[in-house]
Each structure stands twice: as structure tokens, then as C-alpha cells.
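**Q** Okay, handing you the structure first.
The values are calculated or read from the model by the stated rules, or taken from the named source; none is laboratory data. Owing to the predicted nature of the structure, the values given are computational and were not obtained by experimental measurement. Reconstructed Cβ throughout: ideal geometry from the backbone, glycine too, with neighbour counts over all protein chains shown. When the accessible area is computed, the model is the full protein with side chains, heavy atoms only, and any ligands, DNA or RNA have been set aside. Shrake-Rupley method; radii C 1.70, N 1.55, O 1.52, S 1.80 Å.
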Amino acid sequence: MRTLIEHLDFAFLVDAADTVLRDASMVVEDDRIADIGPAAAIAKRHAGRSFDRTIDGRLHGLVPGFVDSHVHLSETLSRAVFPDNLNTRAWVFHWAKPFYAHITEEDEYWGALLGITEMLRGGTTCFIDMGSQYDPGITVRAMEKTGIRGITGRHAADNPPAELPRGWTPEMAKHHFFPDAATALAELERCVGQYDGALDGRVRCWVNIEGKEPCTLELHVGAVKLAERLGVGTTYHLATSIEEAKVCEGKHGCWPITRIDRAGGLGKNLVIAHGAAVSDDEVQLLARRGTKVAFCPCSSFKLGKGATAIGKYPEMVKAGVTVGLGTDGVSAAGNMNLMRQMLLVAGMFKDARLDPDVFTARQALRAATIDGAKAALWDHEIGSLEVGKKADFILFDLDHVEWTPYHDPLQALVYSASSASIEQTWVNGVPCYSEGRVRGVDEKALHRKARELAAAAVERAGLHREDVATTTTLYDSGN
């Protein structure tokens, strides 16, 4: 299948030079970009050649597909359930864990499918999912139906609390926590062997663990070592809040990233989710180790993680640390929309540092595209619009009020536009979202099913009650 998209108003290549083309054309052959450049040059190079499909790109803009560097698809049925007066630890231990304890494999499938439809509507073409509570195949089935690209895994931990808090169940603890690190790693290796490379390569399976206190130091280090041996990546939560950092310092005499590094647990194949509580020395440590960071602005705002107060994300970028953008999931952030994350990250540090040149719109776009692809260890194929790369891209409708008028397309993209002006989202050379519909999904039926399952799960978990705890001391002492 040969497709020509011609006379685009602009195309952001997000290559090494951050090239922006005006009056651009792109040729797609099957699943890859065969050519891209000024419209006149493309017309000359391809004169006399036929195309199976020609798209008029006038009043349209072209952007690489967004890469969500951190998301929880298994949480999608919990939208607007958790209140906004929780810090990270209370959110996890008294709200998220009870929710996980009461969702079924069916809930997880429909939630993943719902989350993927939201991502495709928002221009996300690839994601790093923290993983299924049961089996990665659940997420893979949802990916198969929609055509999206992504990374998933089997959620794993090995350090349960001595007593299960309210809302946790023995059944959840049994499938959520493995008896030890070796058992957890053996199961994660099985999952990688079964699912990595599925759906003609659109699926990658990683050695993902929860991270932080629910995981032993052995599991943190072992996940990185196993992923390295298998040739894949790993991701886990770490340094997610100042509260976590203080607890770690009280127990171990140092902050979380330093503790993991002293055990040999940082590596180039690791994506740290959040990384909010990081010292200046640890910024340099991350840069030396080549460890990536997934920053989730909406989640930080809702949970008060301290990104603008203590966060070192601009310093990370300056030091050469790869920082991708993540949405975290609908319960923590409220949405799976990377355009919102771009807007926030392009403004929050300007305001906090009283410096308008901090974390620019250009850096925000890179964080949502090529740097996300680097975090996913997939930047040789996705994240920018370059010849030979996969045809993962977004077409914006520039006749939308959000783009009327505009001069600088970068300023308009980051500060003016939203997902409302996305007309098409392509993955692997296929339009997965177009004409207002997500490919392969009856969205109205999906919405009805999601509402039904979510209401039942929330009631089973007891999260509809008024007396659910909003503070916690779980894991504050002990190992």
C-alpha cells in the first residue's frame, strides 16, 4: 500500500535538528515512511509513480505519534473515583490497592480497551504500560483490536505488609505479591518469552515491577539484570514523592535512587516512573547510568508530588537524562492525554523558576515523542518522522478554531491546540483513528460496558464509602 499525503501546511520531523517543514509531503509504503520533504521535492522524486491512496494535506499539520512513557491501563475503570486530597502513599495503599483487589480479568480487558481508545483519540501511538495484574495477554488482546503499539508486562511485587490494610484481600495479595524475588523474576521471564514481539512486533513485553516499598531490593536489582539478559527494558516506580524519600532515608540512610544505585540496580534499560524526589547528585547519577525518567505532570499536580517545588526535571534534561512524558492513568491524572502533559510541562517550570526559557515548547514536544521513544528503547523505529521509520503519526485539522489563526505551529500545538483538533492517528501505516472513530471498536457499547463494570468494582472495593482513609503510615517502619 502506497500513500501520498501532499501539501501539508507543516510537518514536525522531531529529528536531531528539530526540522519543521512548510508545504510538506510524505510518502508511506506499507508500515514505513518512504519519503518526506518539501512538497515540490517529493513531487519531483516521485513523478510518474502511482499511489493507492492520495490525501490532500492542505489545512493539515503532521506530528509524530505521541509516546506515553508511563501509564496504568489496568486502572482505567477508576476514573474520578479517588479524591484529590491524597498524597501518593495514601493514594496507592488505601485507594489503588483496594481497587486492584476487586477488579477481574474481564474488568482489566475492558479498561485496557477503553484506555487505548482514549489514547488513540489523543494522538498516542505507543505506550509503556506498567502491566496486568493477571497476565499481559489481557492487554495484548485489547491492542490487537485497535492496532496500537505498546509495551506491557506482568505487574509484580514481593514484599507484602505484615497485615493487609482495609480493602486488600488475601486473593489480591496472592496474585499481586510473589513469595520472593526469584519466583517473581521467573514469572516475568515467562511473560517476556510468551508475549515479546507479539502482533507482528507491535507488542513488547518488559520485566516490569511495582517498585518502592512493595518490592525488595533484590527484586529491584534483579529486574534490571533480567531485562538486560533478555534484551528488553524494565520500569518501576521510584522516588515518587518526598514522603517516600524521607521514609527511605530514615530506614536506609539515603534517598531511593542512591539506594538502588549502591546495589547496582540502575541501568540504561530502566525507566523510573515519576522521579520527583531526586537530589542534584542523583541527577548526575542518572545521567552517568543512562537511566530514563517518565515524568507525569497531571499526576504530580493532583497528588502534590512536588514537581515544581522540588522536581529536577529541567536539570535532568540539561544533564542529558532522557525524560519522557507519561499520563500515569485516569485515577492519578484524570486523563490519558499527552497534549495536556505537554502544555503543563512547557509552562510549570517557567512559572516556578520565574524563567520563561525553562523547558520550552520544543523540549515539551520532544519529551512527548522522540524522548518517549528513547525511554521505550524504540527510537530507532518511532518517535520522529524520518525515512525508514514506522509510519506512526498524527494529522491535525488546521481549520479547527484552535488553529485559527496561527503563525508559529509549535506555539499553536503546545499552547493552543488540544486533542479536539486531531483528525487522524496512524500506527504502522494504518489509520487507527479517523472520521471520529477508533478502528475495530464499537465505542458506544464499550462506554456502556465500562460504566457497568466500573460501578460494580468501586462498590466491591468499598471506595464509594465516606470513611476510606486519606493518610497512611504503611511501610513507614520495617524493611
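**Q** What number of residues in region 15-25 are within 20 Å of L59 (Cα to Cα) and either under 27 Å from the mean Cα position of the chain (by Cα) or acidic (D, E) (or both)?
**A** Total satisfying the criteria: 3.
**Q** Now for a separate question. Do any residues in region 173-186 that are closer than 17 Å to T235 by Cα have Cβ atoms under 6 Å from those of residues that are open to solvent by 60 Å² or more (accessible area, probe 1.4 Å) and assigned to a helix (DSSP H, G or I), where the two are at least six apart or on different chains, and which pairs are they?
**A** Qualifying pairs under 6 Å: A181/E218.
**Q** Could you figure out which of (1) acidic (D, E); (2) in a loop (DSSP other than H, G, I, E, B); (3) in contact with a strand residue (DSSP E or B) (Cβ under 7 Å, 6 or more places away or on another chain) isn't true of E213?
**A** The one condition E213 does not meet is (3).
**Q** Under 6 Å between Cβ atoms, which residue pairs at least 6 apart in sequence (or on different chains) link something in region 95-120 that is closer than 15 Å to A456 by Cβ with a partner that is of a type in the set (K, R) and modelled with pLDDT of 95 or more?
**A** Pairs that qualify, where the first residue is closer than 15 Å to A456 by Cβ and the partner is of a type in the set (K, R) and modelled with pLDDT of 95 or more, are W110/K449.
**Q** A follow-up question, please. β-branched (V, I, T) and open to solvent by 20 Å² or more (accessible area, probe 1.4 Å), is that true of V20?
**A** Yes: the conditions hold for V20.
**Q** Take the residues in region 442-464 that are in contact with a Phe, Trp or Tyr (Cβ under 8 Å, 6 or more places away or on another chain) and among the hydrophobic types (A, V, I, L, M, F, W, C), then tell me which one is surrounded by the most Cβ atoms within 10 Å (Cβ to Cβ).
**A** Applying the filter and picking the extreme gives A461.
**Q** Looking at region 28-38, which of the residues that are closer than 15 Å to F12 by Cα and not charged (D, E, K, R) is surrounded by the fewest Cβ atoms within 10 Å (Cβ to Cβ)?
**A** My answer is P38.
**Q** Here's a follow-up. If we scan region 425-441, do we find a residue that is open to solvent by 70 Å² or more (accessible area, probe 1.4 Å), acidic (D, E), modelled with pLDDT of 95 or more and at negative phi?
**A** No, region 425-441 has no match at all.
**Q** Test Y236 against the stated conditions and say whether it is of a type outside the set (G, A, S) and closer than 30 Å to I310 by Cα.
**A** Criteria met by Y236.
**Q** Which of the residues belonging to region 11-25 are in a strand (DSSP E or B) and closer than 15 Å to I382 by Cβ?
**A** If the condition is that a residue be in a strand (DSSP E or B) and closer than 15 Å to I382 by Cβ, then F12 is the only one that fits.
**Q** Also, I was wondering about something else. I need the full set of residues from region 304-335 which are at pLDDT below 95, touching a strand residue (DSSP E or B) at 6+ places or on another chain (Cβ under 9 Å) and farther than 18 Å from F127 by Cα, in order please.
**A** Within region 304-335, K305, A307 meet the criteria.
**Q** Hey, among V283, V317, V323, which residue is farther than 29 Å from Y100 by Cβ, open to solvent by less than 10 Å² (accessible area, probe 1.4 Å) and out of contact with any Leu (no Cβ under 9 Å at 6 or more places or on another chain)?
**A** V283
**Q** Quick one: what pairs do we get from region 192-205, first residue hydroxyl-bearing (S, T, Y), second in a loop (DSSP other than H, G, I, E, B), C-beta under 7 Å, 6+ apart or different chains?
**A** Y195/P136
**Q** Residues that are buried (at least 23 other Cβ atoms within 10 Å of the Cβ) and closer than 26 Å to A184 by Cβ: does region 303-310 have at least one?
**A** The answer is no; no qualifying residue exists.
**Q** Can you tell me which residues in region 243-276 are open to solvent by 50 Å² or more (accessible area, probe 1.4 Å) and in contact with a Gly (Cβ under 9 Å, 6 or more places away or on another chain)?
**A** Across region 243-276, the qualifying residues are K251, R259, K268.
**Q** If you don't mind, another one. Which residues, counting only those in region 39-85, are among the small types (G, A, S), open to solvent by less than 10 Å² (accessible area, probe 1.4 Å) and more than 30 Å from Y236 (Cβ to Cβ)?
**A** Listed by number, the residues that qualify are A39, G57, G61.
**Q** Now for a different question. Search region 388-408 for residues that are more than 23 Å from Y433 (Cα to Cα) and pair each with any residue that is part of a helix (DSSP H, G or I) when their beta-carbon atoms are under 7 Å apart and the residues are at least 6 apart or on different chains.
**A** Short answer, once both residue conditions are applied: Y406/A412; Y406/S416.
**Q** Can you tell me which residues in region 442-479 are modelled with pLDDT of 90 or more, closer than 16 Å to H94 by Cβ and charged (D, E, K, R)?
**A** Selection gives R460 alone.
**Q** Right, next: How do the strands (runs of 3 or more DSSP E) wholly within region 237-329 filter down when requiring 2 or more residues that are more than 20 Å from G347 (Cα to Cα): which remain?
**A** 270-274
**Q** Do you know which residues across region 191-238 are under 17 Å from G290 (Cα atoms) and open to solvent by less than 10 Å² (accessible area, probe 1.4 Å)?
**A** H220, A223, V224, A227, G233, T234, T235, Y236, L238
**Q** Something else now. So is R289 free of Cβ contacts under 8 Å to residues at least 12 places away in the same chain, open to solvent by 20 Å² or more (accessible area, probe 1.4 Å) and not aliphatic (A, V, I, L, M) or not?
**A** no
**Q** Would you mention how many residues in region 330-365 are open to solvent by less than 30 Å² (accessible area, probe 1.4 Å), more than 23 Å from E402 (Cβ to Cβ) and in a loop (DSSP other than H, G, I, E, B)?
**A** Within region 330-365, residues that are open to solvent by less than 30 Å² (accessible area, probe 1.4 Å), more than 23 Å from E402 (Cβ to Cβ) and in a loop (DSSP other than H, G, I, E, B) number 1.
**Q** What is the one condition in (1) at pLDDT below 95; (2) among the β-branched types (V, I, T); (3) under 21 Å from N337 (Cβ atoms) that T169 does not satisfy?
**A** In the conditions (1) at pLDDT below 95; (2) among the β-branched types (V, I, T); (3) under 21 Å from N337 (Cβ atoms), T169 misses (3) alone.
**Q** Test of understanding: among D476, D467, which residue is open to solvent by 60 Å² or more (accessible area, probe 1.4 Å), over 21 Å from the mean Cα position of the chain (by Cα), in contact (Cβ under 8 Å) with a residue 60 or more places away in the chain and over 30 Å from K145 (Cβ atoms)?
**A** Sole residue among the options that is open to solvent by 60 Å² or more (accessible area, probe 1.4 Å), over 21 Å from the mean Cα position of the chain (by Cα), in contact (Cβ under 8 Å) with a residue 60 or more places away in the chain and over 30 Å from K145 (Cβ atoms): D476.
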